């Protein structure tokens with residue numbers, strides 16, 4: 001009887017120890033926020049134009065042109081940690097086609113029609129600091145590794161900004177990774193830098209990476 005009881009106790013202890021040593025299942029990875037469209041329908045509702053450029057929507061494509069002087073088109077969400085993507089095309093009608101996708105950007109308080117205070121993923125195929133470079137107002141800041149775009153051809157652009165780390169992809173190829181702390185939060189914006197040029201943008205989406 002004593003032997004049987006001791007055997008049962010030993011089996012119970014063995015089972016308990018095995019249960020304690022079982023590795024707990026790994027927690028499921030956190031899901032990132034869903035992509036949200038920056039354009040709803042075929043209108044520019046939720047966007048605000050500043051400067052001289054003229055903006056319109058045609059068949060789901062934002063088109064920017066300027067009769068003289070630069071302009072910017074701001075989108076509504078104010079974000080800190082973010083990701084934004086879209087498909088773009090620039091064409092020249094006489095002058096260099098120069099545009100950009102801004103993020104963490106705000107109109108200057110003393111001149112709302114001026115260049116935004118914020119970061120710009122450059123869109124320009126005719127200068128040294130070309131498409132994919134990171135710019136701050138008037139200053140090329142983060143160097144892109146290669147020029148992968150041409151005028152009059154559609155290309156994809158994606159930006160991820162988390163804390164001070166900013167990454168830019170052109171046609172799904174990472175071209176820029178840079179750290180900068182100057183601008184913490186702001187809007188998205190599109191730029192039409194010169195007259196005699198056209199910027200087109202479509203399939204614009206963002207996600208807020210600061211959501212818990």
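At 0.36 nm per residue, minus the direct Cα-Cα distance, what do residue 128 and residue 173 gain on full extension? Give it in nm, one decimal, please. Intermediate results must be reported in sequence, preceding the final value.
Numbers: separation 45, 0.36 × 45 = 16.20 nm, distance 1.89 nm.
Full extension of this stretch gives 14.3 nm more.
Based on alpha-carbon atoms only, what is the radius of gyration of the stretch 33-208 relative to the globular estimate 2.2 N^0.38 Å?
0.92
What is the spin-label model distance, in nm, from residue 205 to residue 156 if the labels are put 7 Å beyond Cα along the C-beta direction?
0.9 nm
In nm, to one decimal, how far is the residue 76 label point from the residue 185 one, both placed 7 Å along Cα→Cβ?
1.8 nm
Where the centroid of each part is defined by its Cα atoms, how far is the stretch 130-148 from the stretch 160-182 in Å?
For the stretch 130-148 versus the stretch 160-182, the Cα centre distance is 11 Å.
Computed from the coordinates by the stated procedures, all read-outs in this text should not be read as laboratory data. This one's a predicted model, so the numbers in the text were calculated from it and none came from an experiment. Cβ atoms come from the backbone with ideal geometry, glycine included; neighbour counts cover every protein chain shown.
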